[in-house]
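Single-structure report; data block below.
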Amino acid sequence: MNDQELRGKIPMRAGGAAARIAVVPGDGIGKEVTPEAVKVLQAVARQSQRVIEFVEFDWGADKYLREGVSLPAGAVEMLRDQFDAILFGALGDPRVATNQHAADILLGLRFKLDLYVNARPVELLHDRLTPLRDRSTKEIRMMVIRENTEGLYVGVGGCFQKDTAEEIAIQEDVNSRKGVERIIRYAFEYARQNKLKRVCMSDKSNAMTFAHGLWQRVFKHVCEEFSDIESRHLYIDTLAMEMVRDPGQFDVIVTCNLFGDIISDLGAQLAGGLGLAPSGNVHPGRTSLFEPVHGSAPNIAGKGIANPLGSVLAAAMMLDFLGWKQQASALHSGVKAALLKNYVTPDLGGDKKTTQVGDWLVEFVTRRCGG
Ligand SMILES: NC(=O)c1ccc[n+]([C@@H]2O[C@H](COP(=O)([O-])OP(=O)(O)OC[C@H]3O[C@@H](n4cnc5c(N)ncnc54)[C@H](O)[C@@H]3O)[C@@H](O)[C@H]2O)c1
């Protein structure tokens, strides 16, 4: 089915036992790990008498180079009106030096669907996977909530006297009261819903006095509504140190777009590396997008050794978002079991291929869900 035909379809929403998912594998290893996640989702749906309709889109570097199209016209409205969620792979291709297609598609969807929450769980699933000495699964378990639609990523700025010795480059950091308030509020609500006790807001308000002064003021105001939750502030440099020194002190961290990008990668390493890290780009109640944290990894693309577990965990987050808690938990348990058995790809010290890990997980969820 092509994009045009799709746009003509009648809007559909998840009616509890059914869901309609847009699949965008993208580039590089995105095309290798996403089919594995789809395979596992199909198995878990089959076993629990649920229906998932997948519709795949070929948006990525090949299409961009062939047709000059990155995110097709009408795509945002189509996704918003006709799909419950989007399962995304990764974008980035050495043939597109500007990475324009990736910016159009991924940032385009984040901004235009107003996916203001970037939820990046940091969860160590097996003790052996952390580079920190004497730390265990009990201590490395936190949620990083990154603001996803503002900050330095909005692309406001410019260059003066470009490519001369006098060049000046300016990039504006955009922070709206509405944007800051809704992400901080989301962090507290997430903590409350998940029975977590502590929220830490991180900024650089000692240097970025205007932009992060706003974060400070809003944080103080929102804290008052959540007196049952312990609130705390750390400057981002201190947070980076503390996450390494004593990760067990954090439950929920909320921060701006740029800092969230960086410290969630730090968190990913604490929990076993990029191949295992999932993320959700969410607007509560609206079509949201789920993806592994990693990129298209051109250095290993085509070799069949990409770790699919980050993508499977992103699929689990998607099921959770759809309210399919039991099925989400089956995927999560499957990943833990694969790690326990060391049935993993070379990045985690194993010798399995991407598809072997996917097949193993299909068998696991089939058994687990009573097949
Ligand atoms: N969300 C996204 O689509 C996204 C995110 C990050 C980077 N990118 C893009 O991806 C391209 C490559 O970027 P990069 O190399 O900086 O980051 P990357 O995440 O693609 O790779 C970093 C390193 O981690 C390894 N790695 C990543 N995922 C892995 C997996 N699933 N299994 C095993 N090893 C894995 C890679 O082999 C590489 O050594 C660039 O074009 C970049 O812009 C896209």
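Could you work out how far apart the two model spin labels at residue 112 and residue 168 are, taking each label as a point 7 Å from the Cα in the direction of the beta carbon, and quote it in nm?
Each label point is offset 7 Å from its Cα along the Cβ direction, giving 3.4 nm.
Would you be so kind as to identify which of 262, 223, 244 lies farthest towards the positive end of the dipole of segment 217-276, taking Lys and Arg as +1 and Asp and Glu as -1 on Cβ and the Cα centre as origin?
262
Taking the Cα centre as origin and putting +1 on Lys and Arg beta-carbons and -1 on Asp and Glu beta-carbons, what dipole magnitude results for the chain, to the nearest 20 debye?
1220 debye
Could you state the per residue volume, in Å³, of the convex hull enclosing the Cα atoms of segment 9-100?
Values: hull volume 8.3 nm³, N = 92.
Each residue corresponds to 91 Å³ of Cα convex hull volume.
By how many nm would the segment from residue 136 to residue 192 grow when fully extended, if each residue of separation counts as 0.36 nm and the alpha-carbon distance is taken off?
Between residue 136 and residue 192, full extension yields 17.7 nm more.
Sorted by packing (mean other beta-carbon atoms within 10 Å per residue), highest first, where do 32-45, 288-301 land? Walk me through the numbers on the way to the answer.
Numbers: 32-45: 24.3, 288-301: 22.1.
Highest to lowest by the protection proxy: 32-45, 288-301.
Using helices alone, what [θ] at 222 nm do you get for the chain, with -39,500 (n - 2.57) per DSSP H run of 4 or more residues, divided over all residues and rounded to the nearest 500?
Here the helix-only value at 222 nm equals -11500 deg cm²/dmol.
List the residues of segment 215-259 whose backbone N lies under 14 Å from a point placed 7 Å from the Cα of residue 177 along the Cα-to-Cβ direction.
215-222
Could you order peptides 328-337, 82-91 by the average number of other Cβ atoms within 10 Å of their residues, highest first?
Those peptides, ordered most packed to least, come out 82-91, 328-337.
Between residue 156 and residue 325, how many nm apart are label points set 7 Å from Cα along the C-beta direction?
Distance between the two pseudo-spin positions: 4.1 nm.
Pairs of lysines 8 or more apart, or on different chains, with alpha carbons under 20 Å: count those in segment 264-371, would you?
So the count of such lysine pairs works out to 7.
Given H placed 1.01 Å from N in the peptide plane, which residues other than close sequence neighbours of residue 52 have an amide H under 5 Å from its amide H?
19
Taking the Cβ of each residue in 128, 133 as the centre, tally the other Cβ atoms inside 10 Å and list the residues starting with the fewest.
Ordered by Cβ neighbours within 10 Å, fewest first: 133, 128.
How do the peptides 109-120, 207-218, 308-319, 237-248 rank, highest first, by the average count of neighbouring beta carbon atoms within 10 Å per residue? Before the final figure, lay out the partial values.
Working: 109-120: 20.6, 207-218: 16.8, 308-319: 28.0, 237-248: 15.2.
Packing proxy ranking, top to bottom: 308-319, 109-120, 207-218, 237-248.
Counting Lys +1, Arg +1, Asp -1, Glu -1, what net charge surrounds residue 158 among other residues with beta carbon under 15 Å of its beta carbon?
The answer is -4.
How many angstrom lie between the C-alpha centres of segment 45-67 and segment 328-371?
22 Å
For residue 238, put the label point 7 Å out on the Cα→Cβ axis and report which residues of segment 123-151 keep their amide N under 11 Å from it.
No residue qualifies, since no backbone N sits under 11 Å from the label point.
Since every read-out is calculated from the coordinates, none of them should be taken as a lab result. Keep in mind the model is a prediction, meaning the values are calculated, not measured. Positions of Cβ are generated from backbone atoms using ideal geometry, with glycine treated the same way; all protein chains shown enter the neighbour counts.
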